[in-house]
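> Below is one structure. I have some questions about it.
The values are calculated or read from the model by the stated rules, or taken from the named source; none is laboratory data. Remember, it's a predicted structure, so these values are computed and weren't measured experimentally. Because the Cβ atoms are built from the backbone with ideal geometry, glycine has one as well, and the counts that use them run over all protein chains shown. Surface areas here come from the heavy atoms of the whole protein model, side chains and all, with no ligands, DNA or RNA. Shrake-Rupley method; radii C 1.70, N 1.55, O 1.52, S 1.80 Å.
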Amino acid sequence: MKTKLFFLLLSFVLLFPFTSYGQTEDYQTANQLIQQQRYEEALPIIRSLYEQNPRSFVYFDRYTRCLINLKQFDEAEEVARNQAQNSRFQLQASTKLAEILHLKGEREKALETWNQIIERNRGSQQAYYATGNSMTSRQEFDAAVELYNEAREDLNNDSLFLNELANTYLQAGRFEESVEEYFRLIVQSPDQMSLVQQRFLRMRDDKLYEIAAFELEDQLLQLDTEHQSYSPLYQLLIWLLLETDEHQRAFVFARQYENQTEYSIYSLFSLGNQLLSARNFELATQAFQYYTDSTESSLRFRAKESLAAAYREWGEYLKQNNIETSSRQDEKFSRSYEVNQQLLDATPNYENAPEIYSNLIDLSVDFYKDIDKAETWYNHMQRRIAAGENPYLYYAEGRIALFRKDFVTARQALTRADKQSDESELSEKTRYYLSLSDFFAGDFDFAEIQLKTLERRNTSYYANDAIKLRMWIKNGLRADSTGSLLETIGNSLYSIHIGNYNEALRQLEPILAQTNHSFSDDLILELSKELPDQYNRLKLQLVDRAIQSQPYSPLKERLLWDQVTLIEYFMKNIDLPPPPPNMYTYSFLDSNVNMEFTEQNLVDLYEEILIEFPNGFYAPFVREKLENMETAST
């Protein structure tokens, strides 16, 4: 302890030699003014301190900084030159002098000064560092590169200044040379990978990323997978490929890495999760299938769980945004159900069995609308899970009670599940369905409280649904303080929730009959998303009516997309499925609407979306559709 105190005192003396208490107080005042960029006020204080203590580097540094910011370059040059000639911090003063000359526009003199520093300190690594940094600060990148390379020769060590050279090349826009130096740095010091990634991230330059990815691929092909730097270099490559949307290349390289090692390194499993975040569900499922298809993989069952979750998330994404046909959406949910069931059949005592059962119950009520399926799985769950409280068991009980319209039991069970699940994904699900239970029951205040806590979680899958539902509650109470409007909407959404679509249509008729109703667009899109294909004629009529009656709707892009998607459905399906028995119809809709369309109708509608929303969410999908149509026609 005494030794540490001694060194602290010694450092203070060196930085502030012969400094009194009053001078220290003046320095703190001046330093604060400099930090606030009040240089004119700081200058007389720091000048006085410097004149009293010319051997203090700190006073010299603050003094010259004030002079430079006040454009008093001549005085700054004089101060720096004096210190460069006869002071104990000659190196720092000399580099400062070069920078001042450069600021004055005397570039040749600045370069000459930098060169003189090196000549006087030939072989000093510290001098090379200081001079190179000084050159870089004045954006003399080529001169700094030349200096670092010269230093390597002088010191006979080409592994020196890897970081400095790489950064300088990067700032100069010489990406290939920068990338080469960065990779040499990682090979030499693998723990520097995160630093290199941060530098790349700061640049945010696609050209840099592309060059780095190509160079890194070549380097990894020549490097042994057992080399200590292979893993960090591989991680950097995958990050670069994902940043440039080169998902297929990332998948191929990850599979190659996995195949080259004698033991599982789970490179594809990790990539699968990253691809899910990037919404590339096709490759994500292929990544997980690599392990589910292997009889030797220790990760086979965990990969099967992830595969089922990926299929479900894929289906939810397609349905939420009305991408692909409903049959393609249904296929993803069916695959998720099948994989979950296969997992439980193969390993009844699987460690995550409670979660798998809850997923099957979710799919039973949300996708199949089959309460008997859900209760069958719930009974299996009760028999196979060890005695004692389990949050998934309470969650499953709550979901079934919600479907049964037993809102009291649903609230109790979901509340217990939430209390036991901390801040996990299950907690997000329970809070959402807890708020939905309150909403269906007509307790809108309680529903809003639950939704507030959920929508703050930006990464939650349910955050958007929570925001939407909370806005409906707020707008509904604003439009009708008695709550009768929200009660009607809640009852109709519950009918949709259990698959009673005719009843939902009947309940919504008073609202949808009014073309200018504040909720009509939202509810039409909800019907468009939830109703099966047998209702497509009705859905198209409602969407057309909404577009014509509210041309400036904030939901117009989605309305146009749903319209063109429904038209495409009618063009591709000549033999339409029969309407459901006793399908509810609206008297305010024209029963003789034309359902015959041409390819030109599709093109016109797609172009309308692009013209109105060139940077909208659906713009990439529209462009892809138009390209496919053009290719097919040629």
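> Closer than 23 Å to residue 558 by Cα, without any contact (Cβ under 8 Å) to a residue 12 or more places away in the chain and among the charged types (D, E, K, R): which single residue out of 625, 572 fits that description? Explain how you work it out, then say what you get.
Details: 625 fails: without any contact (Cβ under 8 Å) to a residue 12 or more places away in the chain.
Testing whether each residue is closer than 23 Å to residue 558 by Cα, without any contact (Cβ under 8 Å) to a residue 12 or more places away in the chain and among the charged types (D, E, K, R) leaves just 572.
> Would you say residue 228 is at pLDDT 90 or above and more than 20 Å from residue 287 (Cα to Cα)?
On the way: at pLDDT 90 or above: yes; more than 20 Å from residue 287 (Cα to Cα): yes.
Considered against the rule, which asks whether it is at pLDDT 90 or above and more than 20 Å from residue 287 (Cα to Cα), residue 228 comes out as yes.
> Additional query: Out of 597, 621, report the one residue that is aromatic (Phe, Trp, Tyr), open to solvent by less than 90 Å² (accessible area, probe 1.4 Å), at pLDDT below 90 and over 28 Å from residue 504 (Cα atoms).
597
> Please go through the range 566-579 and give me each residue that is among the acidic types (Asp, Glu) and either within 23 Å of residue 623 (Cα to Cα) or open to solvent by less than 20 Å² (accessible area, probe 1.4 Å) (or both), ordered by number. Break it down stepwise before answering.
Quick first cut of the range 566-579, residues among the acidic types (Asp, Glu) only: 568, 575.
Listed by number, the list holds a single entry, 568.
> Using the structure shown, decide if residue 582 is exposed (fewer than 14 other Cβ atoms within 10 Å of the Cβ) and of a type outside the set (Gly, Ala, Ser). Walk me through how you get there before you give the answer.
Values: exposed (fewer than 14 other Cβ atoms within 10 Å of the Cβ): yes; of a type outside the set (Gly, Ala, Ser): yes.
The answer is yes for residue 582.
> Here's a follow-up. Considering only residues that are under 16 Å from residue 110 (Cβ atoms) and touching a helix residue (DSSP H, G or I) at 6+ places or on another chain (Cβ under 8 Å), which ones fall in the range 63-90?
Listed by number, the residues that qualify are 64, 68, 73, 76, 77, 80, 81, 84.
> Across the range 372-410, what is the total count of residues that are surrounded by fewer than 21 Cβ atoms within 10 Å (Cβ to Cβ), at pLDDT 95 or above, part of a helix (DSSP H, G or I) and among the basic types (Lys, Arg)?
Residues meeting the conditions: 1.
> Got a sec? Which of 465, 438, 422 is assigned to a helix (DSSP H, G or I) and surrounded by fewer than 22 Cβ atoms within 10 Å (Cβ to Cβ)?
On the way: 438 fails: surrounded by fewer than 22 Cβ atoms within 10 Å (Cβ to Cβ); 422 fails: assigned to a helix (DSSP H, G or I).
Just a single option satisfies the conditions, and that option is 465.
> Would you please list the contacts, defined by Cβ atoms under 7 Å and residues six or more apart or on different chains, that run from a residue in the range 501-520 that is under 17 Å from residue 472 (Cβ atoms) to a residue that is hydrophobic (A, V, I, L, M, F, W, C) and surrounded by fewer than 14 Cβ atoms within 10 Å (Cβ to Cβ)?
So the pair list comes out as 518/479.
> In the range 600-609, how many residues are open to solvent by less than 40 Å² (accessible area, probe 1.4 Å) and either among the aliphatic types (A, V, I, L, M) or without any contact (Cβ under 8 Å) to a residue 24 or more places away in the chain (or both)?
Here is the first cut: in the range 600-609, the residues open to solvent by less than 40 Å² (accessible area, probe 1.4 Å) are 602-603, 605-606, 609.
From what is left, the residues that are either among the aliphatic types (A, V, I, L, M) or without any contact (Cβ under 8 Å) to a residue 24 or more places away in the chain (or both) are 602-603, 605, 609.
Qualifying residue count for the region: 4.
> Still on this structure: Testing residue 228 on (1) over 30 Å from residue 530 (Cβ atoms); (2) free of Cβ contacts under 8 Å to residues at least 24 places away in the same chain; (3) open to solvent by 70 Å² or more (accessible area, probe 1.4 Å); (4) in contact with a helix residue (DSSP H, G or I) (Cβ under 9 Å, 6 or more places away or on another chain), one condition comes back false. Which one is that?
The failed condition is (2).
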